1. Name, by its number, the condition in (1) open to solvent by 30 Å² or more (accessible area, probe 1.4 Å); (2) of a type in the set (Ser, Thr, Tyr); (3) touching a Phe, Trp or Tyr at 6+ places or on another chain (Cβ under 7 Å) that does not hold for Tyr136.
2. Could you list, in sequence order, all residues of segment 185-199 that are out of contact with any Pro (no Cβ under 9 Å at 6 or more places or on another chain) and modelled with pLDDT of 90 or more?
3. Need pairs with beta-carbon distance below 7 Å; first residue outside any helix (DSSP H, G or I) and open to solvent by 10 Å² or more (accessible area, probe 1.4 Å) and within segment 32-44, second modelled with pLDDT under 95 and of a type in the set (A, V, I, L, M); sequence gap 6+ or separate chains.
4. Going by what's in this entry, would Ser69 be described as in contact with a Phe, Trp or Tyr (Cβ under 9 Å, 6 or more places away or on another chain), open to solvent by 10 Å² or more (accessible area, probe 1.4 Å) and polar (S, T, N, Q)?
5. Which condition number in (1) in a strand (DSSP E or B); (2) open to solvent by 50 Å² or more (accessible area, probe 1.4 Å); (3) touching a Lys or Arg at 6+ places or on another chain (Cβ under 9 Å); (4) not basic (Lys, Arg) is the one that Leu188 fails?
6. Considering only residues of segment 29-60 that are of a type in the set (Phe, Trp, Tyr) and touching a helix residue (DSSP H, G or I) at 6+ places or on another chain (Cβ under 9 Å), which is farthest from Val205 (Cα to Cα)?
7. Out of segment 105-137, which residues are β-branched (Val, Ile, Thr) and within 12 Å of the chain's Cα centre (by Cα)?
8. Condition first: in contact with a Leu (Cβ under 8 Å, 6 or more places away or on another chain) and either of a type in the set (A, V, I, L, M) or over 30 Å from Asn82 (Cα atoms) (or both). Now tell me which residues in segment 1-30 satisfy that.
Amino acid sequence: MVLVFDVYADLAMFRKPYTTTSLVSFPFPPPTAVAGLIGAIVGLDHGGAQGAWRADYWRHFSGSRIALSLKKPPSWMTTTVNLIKYKSPSGDMREHIQAKHQLLKKPIYRIYFNGGELYPELKKRLMRNEFVFTPYLGAAWALAEIDFCGEFAAEEIVEVESEVDTVVPMLEGVKIDVLRSGAIHRELVPFRLDEERRLKETVNVIYQEQQREKKIWLKDKGNLTLSRVGEEKVAWFANW
């Protein structure tokens, strides 16, 4: 069975790791951000009392997997944020610098969750529309709203060629039909961290900005697991 829920906010920002003061965002939450969102809903302790670098919640995601789709095309906004100039030679905390931030305006995403020990607790929280910690999209000021779509059976798709309604992880053997898919985009996103927030694995993904109107077509699904969830065809990330 698969839990499906939509998450949305007025603003979001999923910082790309190579940016520092001037922030650039991924167009959707990478799997690491989705794990943090689910951890907030069910109330997982990250171990911050023992150290700010801790991410103890990762052990609870073993055996679970996710999929993700964009329910509307990304809409971008660039703004300038005033930051305190901590490295000012004069030590004057009134000095500021202006840094550019790239933000997403009113994003809406659909998240699919399957397997693992967190499934029963996540289902309970979503059905009750209650969350242990405040959910947000990438930054603490980007407070998120969550709508539970329901629990659905997952019917595996065995055909080698298929269309897909979600972001597609580029696992071994996956081949995209570019002509049928139209304009597609590629990102390298963080997939998994260890319990001290060190990056363990990344994954290349393909996504379609007009995903609710157009689909990504596969010539060969390779090692990708595809499922029919309700009326949608879902491409799963690998198990955590």
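1. Exception for Tyr136: condition (3).
2. Here is the first cut: in segment 185-199, the ones out of contact with any Pro (no Cβ under 9 Å at 6 or more places or on another chain) are 186, 188, 193-198.
Answer for segment 185-199, where residues must be out of contact with any Pro (no Cβ under 9 Å at 6 or more places or on another chain) and modelled with pLDDT of 90 or more: Arg186, Leu188.
3. If the second residue must be modelled with pLDDT under 95 and of a type in the set (A, V, I, L, M), the pairs left are Gly43/Val132.
4. The answer is no for Ser69.
5. Only one criterion is unmet by Leu188, namely (3).
6. Tyr57
7. Residues satisfying the conditions are Ile108, Ile111.
8. Of everything in segment 1-30, those that are in contact with a Leu (Cβ under 8 Å, 6 or more places away or on another chain) and either of a type in the set (A, V, I, L, M) or over 30 Å from Asn82 (Cα atoms) (or both) turn out to be Leu3, Phe5, Val7, Ala9, Leu11, Ala12, Met13.
The values are calculated or read from the model by the stated rules, or taken from the named source; none is laboratory data. Worth saying up front: this structure is predicted, and the values here are computed from it rather than measured. Here Cβ is always computed from backbone atoms with ideal geometry, including for glycine, and neighbour counts include all displayed protein chains. Ligands, DNA and RNA are excluded from the accessible area calculation, which covers all protein heavy atoms including side chains. Shrake-Rupley method; radii C 1.70, N 1.55, O 1.52, S 1.80 Å.
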